[in-house]
Amino acid sequence: MTTDLMKETGKPSIQHHTRQDLDKEFREYYLSSSIPSMKVGLSVTLSLFIAYSIFNRMVLGHVPEQEYFLKFGLIAPILLISLIVLYIKPLARHLTLIFILLNLISCLAIYYVGVTSDITSRGYSYFYAWVMLVMIGMHTFYRIRFRDLIILNALQLLAYMLATLFNHSYTLTFGYFNNLFFVVSMTTLGFFISYIFQSLNWKNFLHQKALSENYHRLILEIRDRKEAEEEVLHSERQYHEALDCFPDWVITVDRKMNLIMVNSPLKQVASDAGFTAELTGYNIVDSFPFIEKAEIDDVKAVFETGIISIGEISFDYEGQHVFVETRKIPVFRNNIVEQVMVVMRDRSKEKEIEALKIKNAETKEVMLKEIHHRVKNNLAIVISLLVMQGKKNPDPDFQKLIKDIELRIRSMALIHEHLYRSENFDKILLSNYLNSLVTIISGTFSGHQINIEPDLDDIMASIGTALPIGLITNELLTNSYKYAFPEKREGTIRLKLERFFATGFNLTISDDGIGLPEGFDFQKQDSLGMFIIRLLVEQLDGTLNFTSKGGVSASIIVPNCNL
């Protein structure tokens, strides 16, 4: 209801509901408004039942009717639970579901009492009367949806009929149909009671809702008018107080560029600088000569365009050079810019911090370049040492080993050379790197009549990806030079680099040489080169596939080039 919303927010609210929303709200209203009467009804019924049981036990003793009456005590826990949940506030939102479950249990109680009853005993005549009381009590005590009451009543009637079927009371023809007639009649009476209750409460609900909304609408109008009057009375005072507390310098000018308002921090600065203390009414150019003409022109432009403008001015103040950011904000009245508020914020310290960050970044960039340059030079020294060592030993196998190691080191040194020359110190363009690597390898095997055809897409890769790819490419290319074209046959080696989905790529190195030997399985090769390839592909979480048809083709798929 709107009253609850007003209590929570402090403001009235007028809401427009659909029929479905009204039904839901009515069910909550119907249940909550009926809780006091349900408490009284259940308490009285439970008390009378207990008192009547005790009285009968004391007066009548152990007569059959008394024993049979106590069977009906099965309904007492249901009444007790119903009464208890009404006093537990956290269960208020679940009352409908609880009452439905409890009345479903009453169906089981009806069935149990009927099935376990002896139809020949004197007390059996109480059974149908008890069923009638249970049914009429459900309609009287429980304020749940009419449709749910009909379903529950139907289930109770079904439980009664099943019980009479299994205890063979239907053989008592006249008594059976007489009792059934009274049960059905009482059920019908319960329907009418529930329908009348809900109809009356529905009308009361609509009337109360209409009155409540009209009342709150009136309250809303009165409050809005009062708030508007208060805003008119206090807006100017609050406006000035807020701006005086603002640490930035704030001024407001009219279309003639005269000062309408100057906040306290700026007045203090003006006073310290030797300007007049009372600035209101003076022209902004006369009052603040340090404001550049371009800024004054920006203020005039804001009057014409109504668009916020941001600028910056600098001047010397108390022996220091001050940088001030200016924001020119239009103040509208009747869709016309009547005033412009200029907010000036001292950004001198921020400028110093920004300059320091730029200087640190430049220093870091120089250091990283120097590191990559030194690593490249150190690797070049290692290569030179290997070449010198190779010249001292003419053994062909040793010379071959030295050349393989030299090419692997050159592929690593090439990475640092590209990083040294790049503006990005954690990524390189993979196509440029591979082109440089191909040039080095083809120069090493210059005596071979082999044509290399690169087709490389521009893909950026981190050093953690580029270095393994360079080593893998080195191994595969040198293998093609060594084994694909025996006796220095002519041939072609193709390199193809293409993007694979969003972050990955596919590198294919193929030749038109003699192909792989029969039964070749690269997973079982024990050479150092194949071991390096398998290790690096696994490091990249990639896949490597060899095919041999008109030569050899090796395809490496790397899912993420940023690792």
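The values are calculated or read from the model by the stated rules, or taken from the named source; none is laboratory data. This one's a predicted model, so the numbers in the text were calculated from it and none came from an experiment. Cβ placement follows ideal geometry from the backbone for every residue including glycine, while neighbour counts extend to all protein chains displayed.
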Problem - Those residues of the stretch 518-537 which are within 26 Å of I402 (Cα to Cα), in contact with a strand residue (DSSP E or B) (Cβ under 9 Å, 6 or more places away or on another chain) and surrounded by fewer than 17 Cβ atoms within 10 Å (Cβ to Cβ), in sequence order - result: F522, R534
Completion exercise
Result of the Cβ filter at 7 Å on the stretch 328-342, keeping first residues that are among the β-branched types (V, I, T) and partners that are not in a strand (DSSP E or B), at least 6 apart or interchain, is I329/I308; V337/V302; V337/F303; V337/G306; V340/V299; V340/V302; V340/F303; V342/V299
Practice task
Hey, can you tell me all the residues within the stretch 323-348 that are at pLDDT below 85 and acidic (D, E)?
Solution key: E325, D346
Completion exercise
Only unsatisfied item for I144, checking (1) modelled with pLDDT under 75; (2) in a loop (DSSP other than H, G, I, E, B), is (1)
Exercise for the section: Restricting attention to the stretch 171-221, report how many residues are surrounded by 12 or more Cβ atoms within 10 Å (Cβ to Cβ) and aliphatic (A, V, I, L, M). Expected result: 10
Exercise for the section: For T465, indicate whether it is among the β-branched types (V, I, T), under 18 Å from L414 (Cα atoms), buried (at least 19 other Cβ atoms within 10 Å of the Cβ) and assigned by TED's automatic domain parsing to the domain that holds L540. Expected result: yes
Completion exercise
Of the listed residues (E498, E406, E487), the one being surrounded by fewer than 20 Cβ atoms within 10 Å (Cβ to Cβ), in the same structural domain as V382 (by TED's automatic domain parsing) and not β-branched (V, I, T) is E406
Completion exercise
Only one of T120, T164 is modelled with pLDDT under 75 and of a type in the set (V, I, T), namely T120
Practice task
Please state which of the following conditions H372 fails to meet, knowing it meets all the rest: (1) at pLDDT 65 or above; (2) surrounded by 12 or more Cβ atoms within 10 Å (Cβ to Cβ); (3) under 46 Å from the mean Cα position of the chain (by Cα).
Solution key: (1)
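In this structure, does L133 turn out to be assigned by TED's automatic domain parsing to the domain that holds R93, within 19 Å of L79 (Cα to Cα), in a helix (DSSP H, G or I) and of a type outside the set (S, T, N, Q)? It would help to see each step written out before you state the result.
Values: assigned by TED's automatic domain parsing to the domain that holds R93: yes; within 19 Å of L79 (Cα to Cα): yes; in a helix (DSSP H, G or I): yes; of a type outside the set (S, T, N, Q): yes.
Taking the combined requirement at face value, the residue satisfies it.
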Exercise for the section: Please report, ordered by residue number, the strands (runs of 3 or more DSSP E) entirely within the stretch 463-563 with at least 3 residues that are without any contact (Cβ under 8 Å) to a residue 24 or more places away in the chain and more than 19 Å from L429 (Cβ to Cβ). Expected result: 543-548
Completion exercise
Residue pairs within 8 Å by beta carbon, gap of at least six or interchain, first lying in the stretch 32-46 and in contact (Cβ under 8 Å) with a residue 12 or more places away in the chain, second among the polar types (S, T, N, Q) and part of a helix (DSSP H, G or I), listed first then second, are S33/N201; S34/N201; M38/S82; G41/T140; L42/S82
Exercise for the section: May I ask you to say which residue of L97, L70 is modelled with pLDDT of 80 or more, of a type outside the set (F, W, Y) and either over 19 Å from L48 (Cβ atoms) or assigned by TED's automatic domain parsing to the domain that holds F181 (or both)? Expected result: L97
Exercise for the section: For the stretch 421-447, enumerate the residues that are touching a residue at least 12 places away in the same chain (Cβ under 8 Å) and closer than 17 Å to E406 by Cβ. Expected result: S436, L437, V438, I440, I441, T444, F445, G447
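Where residues in the stretch 440-453 are surrounded by fewer than 15 Cβ atoms within 10 Å (Cβ to Cβ) and modelled with pLDDT of 85 or more, which of them is farthest from K488 (Cα to Cα)?
It comes out as E453.
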Problem - Sole residue being among the aromatic types (F, W, Y), at pLDDT 75 or above and either under 34 Å from the mean Cα position of the chain (by Cα) or part of a helix (DSSP H, G or I) (or both), chosen from Y29, Y112 - result: Y112
